[in-house]
1. Considering Cα pairs under 8 angstrom that are at least six residues apart, work out the relative contact order of the range 195-269 and quote it in whole percent.
2. Which of the three applies to the range 112-269, rounded, prolate or oblate, going by the alpha-carbon gyration tensor with a ≥ b ≥ c and a/c under 1.5 meaning rounded?
3. Order these peptides, 113-122, 226-235, by their mean beta-carbon neighbour count within 10 angstrom, highest first.
4. Report the convex hull volume per residue for the range 202-269, counting only C-alpha atoms, in Å³.
């Protein structure tokens, strides 16, 4: 998107005359042949219209969330470089706010631009409590929209559920099981219902529970191994190192684990 304005800059002319043969065949640009109420915008080739859609709607982090008053699943949109709130959009209810007003221009623009909203943004799960919200989101939006998502970002605390149960130890194991269940369901959706997923970044934090073991047979790792065919995968784990293991030794093991996990997920399907 940063290169889009450069498309409008005229290149300086050269004083040299270069003789080249014209191509025998020219590729025709895609121009809509059916009637539309998009006005002059409709006269632009589709390739140019799509660049405009990407420039207006793409390149943001869409944090999955839920309204407190209506309990509808939706997402807040942030620019990666601007950490403040920008707009809220309930899933499948495209209200004319900020750049999203483009979707309300006409039916043709809505049909053409909606896939861009899903394919050129990163959908984020911020917090362990939003894991079940993501699973709900995957059930409520249209299948073709879910298929269009190419980038996901997961940033959560593995024992976030436990922090509010520390005063009652009897609840801790129940909270742990709840996290593992939501964690498994989330990865099941990523592995089986999102064929377009190409980029995945995961940041996991452990603050209260015993140290997470870096082994593929662990319950928290197994669901992740179902993912294949990614173009890019990044994994970051933050936790205290156990007293029986030195920091240097743990960091070496973590680096090995990250590399092996990346190789597994980026392997061909």
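We did not get these values from a lab; they are worked out from the coordinates using the rules stated. The structure displayed is predicted, hence computed values, not measured ones. Here Cβ is always computed from backbone atoms with ideal geometry, including for glycine, and neighbour counts include all displayed protein chains.
1. On the way: 83 pairs, mean separation 31.8, N = 75.
Result for the range 195-269 is 42 percent.
2. oblate
3. Most protected by this proxy first, the peptides run 113-122, 226-235.
4. In the range 202-269, the Cα convex hull volume per residue is 83 Å³.
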